[in-house]
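Worksheet: the structure to be examined is printed underneath.
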Amino acid sequence: MAGGFWIGVFVSIFGGVLGLILNHFLPIFMKQNVPKGSFGWPILGETLSFLKPHSSNSLGSFLRDHCSRYGKVFKSHLFFCPTVVSCDEELNYFILQNEGKLFECSYPKPIHGILGNVSMLVAVGDTHKRLRNVALSLVSITKSKPDFLNDIEKIAIQVLHSWKDKQQVMFCQEARKFTFNVIVKQVLGLTQDEPQTTQILEDFLTFMKGLISLPLYIPGTPYARAVQARSRISSTVKGIIEERRENICISRKRSSDFLEILLSVDTLSQDEKVSFVLDSLLGGYETTSLLLAMVVHFIAQSPSAFQQLKMEHQKIRSLKEKDEFLNWEDYRNMEFTQYVINEALRYGNVVKFVHRKALKDVKFRDYIIPAGWKVLPVFTAVHLEPSLHKSALEFNPWRWESEDPTLCKKFTPFGGGIRCCPGSDLAKVEVAFFLHHLLQNFRWRTESVDQPMAYPYVEFEKGLKLNLDPCSSWTSNPH
């Protein structure tokens with residue numbers, strides 16, 4: 001009996017190991033004409049090498065090595081899946097434009113555990129379409145609305161006013177403070193002084209730490225705490241929704257925010273509305289603050305860009321009354337500011353790549369992308385390709401005088417196709433308005449050792465310390 005038990009255990013273990021090995025190596029032999037490449041170690045494949053930190057304005061050693069050996073499109077084994085990695089402009093564009101037809105969004109399952117299955121970031125098919133349509137409608141209504149623009153400016157001035165007597169600030173922290181207060185005000189109608197804002201921020205910081213942690217749901221781990229934090233944020237948002245419904249007349253007296261408009265949308269369920277709010281907080285907080293940090297970092301290292309940017313904003317301010325708010329027309333006149341933002345996006349790469357999956361065997365050029373394989377279009381590789389961008393490894397905002405980012409396959413900082421980020425315009429407005437007041441009230445220096453690093457998410461390891469030199473007189477009032 002004992003011998004039979006141990007034989008059974010051995011067979012089970014051997015079968016499990018054999019299954020893992022076959023799952024790893026079988027795809028190599030089953031398909032013909034797949035791109036060249038290496039699958040690396042069993043199970044983990046080349047994931048750890050792919051995720052090795054590197055400067056976000058470089059390819060990193062993994063991509064440099066593999067592109068050199070196999071070309072711009074190669075196979076690998078990443079995130080426990082056989083994978084085709086694309087550093088090719090045409091294939092990336094092809095993938096993004098065929099979302100839902102040949103390819104589908106396919107983020108690792110642990111991400112679903114934190115974001116929820118009805119998050120616009122991971123949803124597919126009709127669910128994604130409904131959520132995206134609502135997002136586009138909200139952005140269209142919001143982006144040029146005076147109340148929204150005034151709120152951005154007020155919050156920017158409040159943050160900068162708190163620096164008056166400081167010689168140094170940790171800018172990443174300050175940028176996150178700014179973007180969080182903007183998005184909470186716009187989405188939920190809450191000011192930074194309200195108790196619910198503090199509660200949401202505390203849970204949201206826990207949520208963010210878990211989003212980039214090892215996905216182990218064990219009590220006390222960052223991942224487990226993030227899942228619990230998401231549940232608490234959901235409960236808080238549901239409570240705010242119910243309160244709004246009960247006091248609908250009072251809520252209409254507020255400046256209209258996302259939530260007020262969401263309440264009138266019949267195409268979304270309660271859970272989808274809550275998830276939509278969380279997606280808005282995530283997009284409006286982390287990626288926007290990182291973009292702002294990159295702009296501040298890069299222009300500190302480019303005196304000519306700094307000077308031209310400052311002159312542009314001084315000209316805009318000279319045409320306005322002392323305490324007059326900026327408007328949409330002012331934003332449209334910030335031409336060089338747009339060049340700087342575009343160049344920070346190209347050179348700094350807020351998003352390195354996105355996750356997709358082939359829905360069927362896909363033929364592209366002379367190779368096959370097998371059905372079920374993960375596909376990773378790498379935006380960084382295209383943004384830093386010398387044949388597409390002259391002096392690609394230099395920060396040069398003036399390149400955008402002759403390039404049109406809206407029609408260009410070689411510039412995809414917000415993705416593309418039906419998954420192009422719907423809030424990209426809002427992020428750019430926030431950055432532009434913050435810069436408007438920052439440039440008139442401070443000069444700053446950064447420490448060159450603190451560079452944006454890709455993990456693959458991007459962050460400044462030391463928090464981007466700014467050494468401040470205030471202007472002789474404070475030109476912005478907190479209104």
* Structure fact -> Contact list, first residue from the stretch 162-178 and in contact (Cβ under 8 Å) with a residue 12 or more places away in the chain and open to solvent by 10 Å² or more (accessible area, probe 1.4 Å), second anywhere and among the hydroxyl-bearing types (Ser, Thr, Tyr) and assigned to a helix (DSSP H, G or I), beta-carbon distance below 6 Å, six or more apart or interchain, is Arg176/Ser289
* Can you give me the ranges of the helices (runs of 4 or more DSSP H) entirely in the stretch 210-314 with at least 2 residues that are loosely packed, with under 14 Cβ neighbours inside 10 Å? => 222-246, 248-251, 270-282
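Here is a yes/no grid of residues against (1) under 26 Å from the mean Cα position of the chain (by Cα); (2) closer than 17 Å to Asn117 by Cβ; (3) modelled with pLDDT of 80 or more:
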| residue | (1), (2), (3) |
| --- | --- |
| Leu201 | yes, no, yes |
| Phe207 | yes, yes, yes |
| Leu211 | yes, yes, no |
| Pro215 | yes, yes, no |
| Glu246 | no, no, no |
| Cys249 | no, no, no |
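Let's see how each residue does on (1) of a type in the set (Gly, Ala, Ser); (2) part of a helix (DSSP H, G or I); (3) in contact with a strand residue (DSSP E or B) (Cβ under 7 Å, 6 or more places away or on another chain):
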| site | (1), (2), (3) |
| --- | --- |
| Val134 | no, yes, no |
| Val159 | no, yes, no |
| Trp163 | no, no, yes |
| Ala175 | yes, yes, no |
| Asp203 | no, yes, no |
* Residues of the stretch 444-472 satisfying the condition of being among the β-branched types (Val, Ile, Thr), more than 15 Å from the chain's Cα centre (by Cα) and either within 18 Å of Tyr285 (Cα to Cα) or assigned to a loop (DSSP other than H, G, I, E, B) (or both) -> Val449
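Listed here are the residues, each with its yes/no results for (1) open to solvent by 10 Å² or more (accessible area, probe 1.4 Å); (2) aromatic (Phe, Trp, Tyr); (3) not in a strand (DSSP E or B).
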position: Glu343; (1), (2), (3): no, no, yes
position: Tyr347; (1), (2), (3): yes, yes, yes
position: Lys357; (1), (2), (3): yes, no, no
position: Lys360; (1), (2), (3): yes, no, yes
position: Ile368; (1), (2), (3): yes, no, no
position: Leu376; (1), (2), (3): no, no, no
* Asked: Met120 versus (1) more than 25 Å from Thr83 (Cβ to Cβ); (2) surrounded by 21 or more Cβ atoms within 10 Å (Cβ to Cβ): which is the lone unmet condition?
  -> (1)
* For Leu426, state whether it is of a type outside the set (Ser, Thr, Tyr), open to solvent by less than 60 Å² (accessible area, probe 1.4 Å), closer than 20 Å to Tyr285 by Cα and at pLDDT 95 or above. => no
* Which condition does Lys320 not pass, out of (1) in contact (Cβ under 8 Å) with a residue 40 or more places away in the chain; (2) outside any helix (DSSP H, G or I), if it passes all the others? -> (1)
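The values are calculated or read from the model by the stated rules, or taken from the named source; none is laboratory data. Every value quoted in this text rests on a predicted model; they were computed, and no experiment measured them. Cβ: placed from backbone, ideal geometry, glycine included. Neighbour counts: every protein chain shown. Side chains included, ligands, DNA and RNA excluded: accessible areas come from the protein's heavy atoms. Shrake-Rupley method; radii C 1.70, N 1.55, O 1.52, S 1.80 Å.
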